[in-house]
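**Q** Dropping a structure here in structure tokens format, bear with me for questions.
Read-outs throughout are calculated quantities, based only on the coordinates presented, and are distinct from any laboratory measurement. Just so you know, these numbers come straight off a predicted model, no measurement behind them. All Cβ positions, even for glycine, are placed from backbone atoms using ideal geometry, and neighbour counts span all protein chains on display.
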Amino acid sequence: MLSGPSVPRWIRAEPQGIHLPTADWWIDPSIAVPRALVTHGHADHARAGHGEVIATIATRDIIRLRYGEPPDGRSAGYNAPVEIGDSITATFLPAGHVLGSAQILLERQGERIVVTGDYKRRPDPTCLPFQPATCDILITEATFALPIFTHPPIEREIARLLAARRAHPERCILVGAYALGKAQRVIAELRRAGYTETIWLHGAMAAMCDLYERHGVELGKLALVADLPRGSLKGQIIICPPSALNTAWAQRLPDPVNALASGWMRVRQRAVQRNVELPLIISDHCDWNELTATILELSPSETWITHGRDDALLHWCAAQQMRARSLELVGREEEEAA
């Protein structure tokens, strides 16, 4: 538990998540709690079993899809303050991470705290862009908080994917992409690059793509691999969960070029370990330069760092003469969604 003169009494960082004890709400807790504010639908932030949930409409729909139960509680509109008790308001702001993702701005008696959840600063056709908000305390993720992580423009990675398809017309291009967020972004960026042909899906991707389209994200013509003889998929682009690469399911496809869309593909050894022929450095998180630029832009009195590599970011903050501390939250493991 954090303590000290700079920490308001109404917020605590506990191992299970950010806790607002005077109002008895939690933010993205790793355990089931009576009342939770949820930033987005990835499994290390959202879970089943909470008593009451406040989240954006899209995130509540994603929770319903993934866990088979409609969460009790309220839907929060972006930039619409919600009273949660003890004079605290919670305002959900776009985070630019995935559909429905939000930062949470907490305000009480003039104090402002922003919990970023996961976020990115790059444009993404499938979700609203990150909205900066000044604050006294910034609680930021740090998934890629090492200088080695600099994400290239996504246009370059999509061009590499399409070039591989042209170079191997006798093979299919099998892209491992997380089912929530990454898959839809890759599809939308392919469309933006002018690719209008059918994109084929592993069955596990269909329901989330349908949800995105119900929320107004146009993905073009999609079809299931199961609907077509495997030999007919030469020269086609197929999207599957990362866990489906190198499986018996994948081996039945026409000599697939294994691709994986992830910020972790910056580390070549990870691509080698996963038997990835075409590593695509496509991340839904900030890279090092974007993390540090965001802290400078918001200029908080103090930065709390969670979910990632905190040592380098703590050192950087100290070099900038900015106060910072690390939060030790459980259940924040590396995710394929990165």
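**Q** To one decimal place, what orientation-averaged projected area in nm² is obtained for the convex hull of the Cα set of the range 173-215? It would help to have the intermediate numbers written out before the result.
**A** On the way: hull surface 12.4 nm².
Taking the Cα atoms of the range 173-215, their convex hull projects to 3.1 nm² on average.
**Q** So what's the convex hull volume per residue for the Cα atoms of the range 30-94, in Å³?
**A** Values: hull volume 5.1 nm³, N = 65.
So the per-residue hull volume is 79 Å³.
**Q** So, one more: With both partners inside the chain, how many of the DSSP beta bridges are antiparallel, as a percent to the nearest 5? Each step should come with its number before you reach the end.
**A** Numbers: 20 of 59 bridges.
Taking every DSSP beta bridge with both residues in the chain, the antiparallel ones total about 35 percent.
**Q** Still on this structure: I need the Debye-formula profile for the range 184-338: one equal scatterer per C-alpha, no solvent, reported as log10 I(q)/I(0) at q = 0.09, 0.18, 0.20 1/Å, two decimals.
**A** Calculated log10 I(q)/I(0) at the listed q: -0.42, -1.13, -1.28.
**Q** OK, next. Using only DSSP helix segments of four residues or longer, with each worth -39500 (n - 2.57), what per-residue ellipticity at 222 nm results for the chain after dividing by its residue count and rounding to 500?
**A** Numbers: 8 runs with 76 residues, N = 338.
That calculation yields -6500 deg cm²/dmol at 222 nm.
**Q** For residue 120, go through the lysines and keep the ones whose alpha-carbon is under 20 Å away, minus same-chain ones fewer than eight residues off.
**A** Output for residue 120: 182.
**Q** Which order, highest average first, do 202-215, 67-80 follow once you tally other Cβ atoms within 10 Å for each residue and take the mean per peptide? Show your work: numbers first, answer last.
**A** Values: 202-215: 17.4, 67-80: 13.9.
So the peptides 202-215, 67-80, ranked by packing, come out 202-215, 67-80.
**Q** A further question follows. Taking H as built 1.01 Å from N, whose amide H comes closer than 5 Å to the amide H of residue 103, not counting residues under 5 places away?
**A** 93, 95
**Q** Shifting gears a bit: How high is the FRET efficiency from residue 32 to residue 234, r the C-beta distance, R0 56 Å, rounded to 0.05? Walk me through the numbers on the way to the answer.
**A** Working: r = 47 Å, r/R0 = 0.84.
For R0 = 56 Å, the calculated efficiency reads 0.75.
**Q** Enumerate the amide H contacts of residue 53 below 5 Å, restricted to partners 5 or more residues apart or on another chain; note that Pro and chain-start residues carry no placed amide H.
**A** 36, 72, 73, 74
**Q** Which residues does a label at residue 277 reach in the range 231-256, if reach means a backbone N under 11 Å from a point 7 Å past the Cα toward the Cβ?
**A** 235, 254-256
**Q** For the range 83-92, what does the Karplus curve 6.51 cos²θ - 1.76 cosθ + 1.60, with θ = phi - 60°, yield as ³J(HN,Hα) per residue in whole Hz, taken in order and with x for Gly and Pro?
**A** 6, 10, x, 6, 6, 9, 10, 10, 10, 8
**Q** For the range 216-293, what does the convex hull of the Cα positions come to per residue, in cubic angstrom?
**A** Working: hull volume 10.1 nm³, N = 78.
Cα convex hull per residue, to the nearest whole number: 130 Å³.
**Q** How large is log10 of I(q)/I(0) for the chain at q = 0.12 Å⁻¹ when the intensity is taken from the Debye formula with one equal scatterer per alpha-carbon?
**A** -0.83
**Q** Enter the mean projected area of the convex hull around the alpha-carbon atoms of the range 19-67, in nm², rounded to one decimal. Working shown, then result.
**A** On the way: hull surface 11.8 nm².
That works out to 2.9 nm².
**Q** Next question, about the same structure. If I model a spin label as a point 7 Å beyond the Cα along the Cα-Cβ vector, how far apart are those points for residue 83 and residue 251 in nm?
**A** Here the answer is 6.2 nm between the modelled labels.
**Q** List every residue whose amide H lies under 5 Å from the amide H of residue 201, counting only residues 5 or more places away in sequence or on a different chain, with H placed 1.01 Å from N in the peptide plane.
**A** 223, 224, 225, 239
**Q** Let me check I've understood the local charge: for residue 8, count other residues with C-beta under 13 angstrom from its C-beta, Lys and Arg +1, Asp and Glu -1. What total comes out? All intermediate terms of the calculation are to be shown ahead of the outcome.
**A** Values: positive: 9, 12, 108, 112; negative: 86, 107, 111, 136, 302.
After counting each charged neighbour, the total is -1.
**Q** Let me ask something else about it. In whole Å, largest first, what are the principal axis extents of the Cα atoms in the range 247-334?
**A** Over the range 247-334, Cα extents along the principal axes are 56, 26, 19 Å.
**Q** With a cut-off of 8 Å between alpha carbons and a minimum separation of six or more residues, what is the relative contact order of the range 141-279 in percent? It would help to have the intermediate numbers written out before the result.
**A** Numbers: 196 pairs, mean separation 45.9, N = 139.
Once normalised by length, the contact order is 33 percent.
**Q** Taking every eigenvalue of the Cα gyration tensor of the range 44-186, multiplying by 5 and rooting it, what semi-axes result, largest first, whole Å? Could you put the intermediate results ahead of the total?
**A** Values: eigenvalues 231, 79, 27 Å².
Over the Cα atoms of the range 44-186, the semi-axes work out to 34, 20, 12 Å.
**Q** Here is a follow-up. Using alpha carbon coordinates only, what is the Rg to Rh ratio of the range 73-156, with Rh defined as the Kirkwood radius? Please list the in-between numbers first.
**A** Working: Rg = 14.4 Å, Rh = 14.0 Å.
Rg/Rh: 1.03.
**Q** Let me ask something else about it. Determine the sum of side-chain charges near residue 253: Lys and Arg each +1, Asp and Glu each -1, restricted to other residues whose C-beta is under 11 angstrom from that of residue 253.
**A** Net charge in that neighbourhood comes out at +3.
**Q** Evaluate the charge dipole of the range 259-338 about its Cα centre and quote only its size in Debye, nearest 20, assuming +1 on the Cβ of each Lys and Arg and -1 on the Cβ of each Asp and Glu. If you can, show how the numbers build up before the last one.
**A** On the way: 8 positive and 13 negative charges, 47 e Å.
Its charge dipole is roughly 220 debye.
**Q** Once the piece of chain linking residue 318 and residue 14 is laid out straight, how much longer is it, given 0.36 nm per residue of separation minus the C-alpha distance between them?
**A** Numbers: separation 304, 0.36 × 304 = 109.44 nm, distance 2.35 nm.
Gain on stretching residue 318 to residue 14: 107.1 nm.
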